[in-house]
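The values are calculated or read from the model by the stated rules, or taken from the named source; none is laboratory data. Just so it is clear, the model here is predicted, and its values are computed rather than measured. Note: ideal-geometry Cβ built from the backbone for every residue, glycine included; neighbour counts use all protein chains shown.
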Amino acid sequence: MKDQWYKNAIAYSLDVETFMDSDGNGIGDFQGLTHCLDHLAGLGITCLWLLPFYPSPNRDNGYDVMDYYNVDPRLGTLGDFVEFMYQARERGIRVMVDLVVNHTSNQHPWSQAAGADKNSKYRDYYVWTDKLPEHEVEPVFPDVERSVWEYDETSQAYYLHHFYKEQPDLNIANPAVQEEIYKIMGFWLELGVSGFRIDAAPFLITGIGIEGADEKCLQNFLSHMREFLSSRSIDAILLAEANVTPDKFSVYFGDGDRMDMLFNFLLNRHMFLALARQQAAPLIDGLKSIPKIPQIGQWLNFVRNHDELDLSGLASEELEEVFAAFAPEENMRSFGRGIRRRLPPMLEGNCHRIELTYSLMFSLPGTPMLRYGDEIGMGDDLSLEGRESVRTLMQWSDEPNGGFSTSPEKNLAKPTISQGNYGYTHVNVATEQRDPNSLMNWMERLIRIRKQCPEFGRGEWQILETDEPCVFAHCCEWQGRAAIAVHNLADRECIATIKTKKYKHLIELFCDRQYEPIEGELFSIPLSAYGYRWFRVNTMR
Ligand code: TEU
């Protein structure tokens with residue numbers, strides 16, 4: 001059986017470009033990242049997901065790849081990548097990379113050749129039509145693109161692009177394209193990666209515009225990718241970015257023969273609805289709506305990612321509630337479906353509520369993931385366009401450019417946050433390292449305790465009913481052990497009475513303040529406003 005290391009990994013996502021600049025040119029690079037691995041190891045991170053670092057014209061933050069077999073020269077060389085892989089391995093940190101194969105950049109040689117010559121063997125690498133279909137799907141960036149079809153003057157046909165028009169969609173029904181994808185996977189596996197994040201997975205397998213495309217056949221490609229992966233590595237995994245409804249989950253997990261892991265978009269938006277309402281019910285409903293997945297499968301939980309907080313699966317009244325609570329101004333929203341802010345500003349900097357949210361996310365069934373800057377409580381910059389608001393530079397110290405780079409400010413890859421409550425003069429790694437009460441030191445403890453509770457990653461979960469609608473309590477059991485977490489989502493203290501099951505011999509593992517120990521049975525649990533308590537049920541007694 002496959003090693004299920006990913007079920008209790010502590011994941012962390014970052015963009016090399018915005019993490020650390022080693023040579024003072026204003027752009028983050030692999031040498032800089034390698035230098036910062038001790039920070040990640042110290043935090044307790046065990047798995048990194050690197051956003052695309054391949055050569056790219058950067059129309060879409062690197063999600064428009066020009067060459068799948070190289071490192072963007074702005075970020076370093078393949079040699080730097082290999083050195084980074086070695087140093088990560090030395091620290092017990094696995095590395096996953098983004099596999100962006102729904103589309104290429106229009107600067108990719110395949111795309112250039114396909115556009116220039118209808119008889120090129122690369123023509124069928126992409127999806128073309130002479131006539132626009134009657135019913136069109138909506139582009140993912142409706143504020144910029146009006147259609148998913150773009151007319152190409154040179155070859156006098158339309159090509160498909162779900163994202164920007166500079167990102168033509170690949171035709172994965174073409175066996176030659178499938179072979180290319182295996183080759184790309186094989187390349188990075190040989191360089192030691194532990195798996196791939198499959199970008200835009202649902203778009204990859206839609207078949208829109210592909211003549212005679214068979215849906216089941218395209219979906220089967222997910223199994224073929226997995227077969228290829230297993231033929232080359234015993235423990236590498238596939239993680240799909242698939243923001244889809246529960247009836248579609250089985251397409252991605254298959255019978256345990258497709259994706260190993262999926263981002264838990266569903267639970268993410270239910271968590272935000274629960275936080276907005278200060279009630280546990282939306283979270284409970286969210287968990288209950290997730291069908292059972294194959295044993296080998298896992299969910300990856302997160303608070304925020306590098307895109308907007310996508311609320312599109314919520315009903316419109318629910319969406320309005322979350323907007324009203326966390327994005328009251330139009331400029332904080334994007335595409336009418338999401339929020340382009342980081343968590344701390346959404347919660348108005350309330351540190352109890354910020355801790356509550358991470359404590360909750362880390363205890364939810366699945367594997368937890370942080371994003372760079374989460375550990376220090378970084379903010380956003382709403383003066384920047386679209387998703388750029390949450391992609392500012394990592395803040396390492398109170399030195400110029402937040403210690404990210406010694407370059408003049410005008411050369412920085414992206415802006416840094418220098419002003420206001422989230423400015424790097426006080427929100428930064430070095431300052432928080434010294435302060436025993438900082439978010440970063442708290443986060444390090446959260447990670448340490450989460451590692452002591454593999455039940456949350458691997459166990460069977462159950463909701464513990466309470467008489468307080470604002471309290472979310474759950475228990476995860478695995479191999480005869482149990483871990484319990486109780487979270488008060490409301491801004492008032494309370495005493496929650498557990499209704500369903502009584503647990504004895506509890507050990508308090510983690511909490512927001514000192515509480516009186518619970519003697520005997522777990523029954524009445526005092527909680528402060530936004531309080532949280534984790535317990536281990538001691539089965540040894
Ligand atoms: O995102 C793909 C994607 O499906 C989401 O952006 C989607 O728009 C949203 O969740 C609606 O469900 C990935 C990357 O995360 C994003 O940064 C890229 O722009 C995109 O792929 C294109 O590669």
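Restricting attention to segment 185-199, which residues are within 16 Å of the ligand (Cβ to nearest atom) and buried (at least 21 other Cβ atoms within 10 Å of the Cβ)?
Of everything in segment 185-199, those that are within 16 Å of the ligand (Cβ to nearest atom) and buried (at least 21 other Cβ atoms within 10 Å of the Cβ) turn out to be Phe196, Arg197, Ile198.
Here's the yes/no breakdown for (1) free of Cβ contacts under 8 Å to residues at least 24 places away in the same chain; (2) among the aromatic types (Phe, Trp, Tyr); (3) within 14 Å of the ligand (Cβ to nearest atom); (4) farther than 22 Å from Ile198 by Cα:
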position	(1), (2), (3), (4)
Gly79	yes, no, no, yes
Arg94	no, no, no, no
Val100	no, no, yes, no
His103	no, no, yes, no
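Kindly provide the set of residues from segment 109-132 that are farther than 29 Å from Phe335 by Cβ and either β-branched (Val, Ile, Thr) or part of a loop (DSSP other than H, G, I, E, B) (or both), ordered by number.
Asp117, Lys118, Asn119, Ser120, Lys121, Tyr122, Asp130
Suppose the filter is in contact with a Pro (Cβ under 7 Å, 6 or more places away or on another chain), away from the ligand (no atom under 16 Å from the Cβ) and assigned by the TED database to the domain that holds Thr46; does Gly212 pass it?
Details: in contact with a Pro (Cβ under 7 Å, 6 or more places away or on another chain): no; away from the ligand (no atom under 16 Å from the Cβ): yes; assigned by the TED database to the domain that holds Thr46: yes.
The answer is no for Gly212.
Quick check on my filter: what residues within segment 31-67 are more than 15 Å from the ligand (Cβ to nearest atom) and either of a type in the set (D, E, K, R) or under 19 Å from Ile181 (Cβ atoms) (or both)?
Correct list: Asp38, Pro55, Asp67.
Any residue in segment 221-243 that is in a loop (DSSP other than H, G, I, E, B) sitting within a Cβ distance under 6 Å of a residue that is hydroxyl-bearing (Ser, Thr, Tyr)? List the pairs, counting only those 6 or more apart or interchain.
Every condition considered, the pairs that remain are Ala236/Ser194; Ala242/Tyr252.
Would you tally the residues in segment 469-481 being more than 12 Å from Ser363 (Cα to Cα) and buried (at least 20 other Cβ atoms within 10 Å of the Cβ)? So that I can check it myself, show each step before the final result.
Keep residues of segment 469-481 that are more than 12 Å from Ser363 (Cα to Cα), which gives 469-471, 477-481.
Filter once more, so that each one left must be buried (at least 20 other Cβ atoms within 10 Å of the Cβ): 470-471.
Total satisfying the criteria: 2.
A quick yes/no check of all residues on (1) exposed (fewer than 12 other Cβ atoms within 10 Å of the Cβ); (2) assigned to a loop (DSSP other than H, G, I, E, B); (3) under 29 Å from the mean Cα position of the chain (by Cα):
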position: Glu134; (1), (2), (3): yes, yes, no
position: Val137; (1), (2), (3): no, yes, yes
position: Glu145; (1), (2), (3): no, yes, yes
position: Tyr164; (1), (2), (3): no, yes, yes
position: Val177; (1), (2), (3): no, no, yes
position: Glu180; (1), (2), (3): no, no, yes
position: Lys183; (1), (2), (3): no, no, yes
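How many residues are in contact with a helix residue (DSSP H, G or I) (Cβ under 9 Å, 6 or more places away or on another chain), assigned to a loop (DSSP other than H, G, I, E, B) and away from the ligand (no atom under 16 Å from the Cβ) if we restrict to segment 288-326?
Residues that pass the stated criteria total 7.
Of the numbered conditions (1) β-branched (Val, Ile, Thr); (2) closer than 30 Å to Gly79 by Cβ; (3) over 26 Å from the mean Cα position of the chain (by Cα), Ile210 satisfies every one except a single condition; which is it?
(2)
Yes/no per residue for (1) under 29 Å from Asp235 (Cα atoms); (2) charged (D, E, K, R):
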site	(1), (2)
Leu275	no, no
Leu287	yes, no
Ile293	yes, no
Val303	yes, no
Glu329	no, yes
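Scan segment 429-436 and give yes if some residue there is β-branched (Val, Ile, Thr) and more than 22 Å from the chain's Cα centre (by Cα), otherwise no.
yes
What residue, among those in segment 470-513 that are among the aromatic types (Phe, Trp, Tyr) and assigned to a strand (DSSP E or B), is farthest from Asn350 (Cα to Cα)?
Checking each candidate, the answer is Trp478.
Can you find even one residue in segment 68-76 that is under 25 Å from Met261 (Cα atoms), of a type in the set (Lys, Arg) and either modelled with pLDDT of 95 or more or within 16 Å of the ligand (Cβ to nearest atom) (or both)?
no
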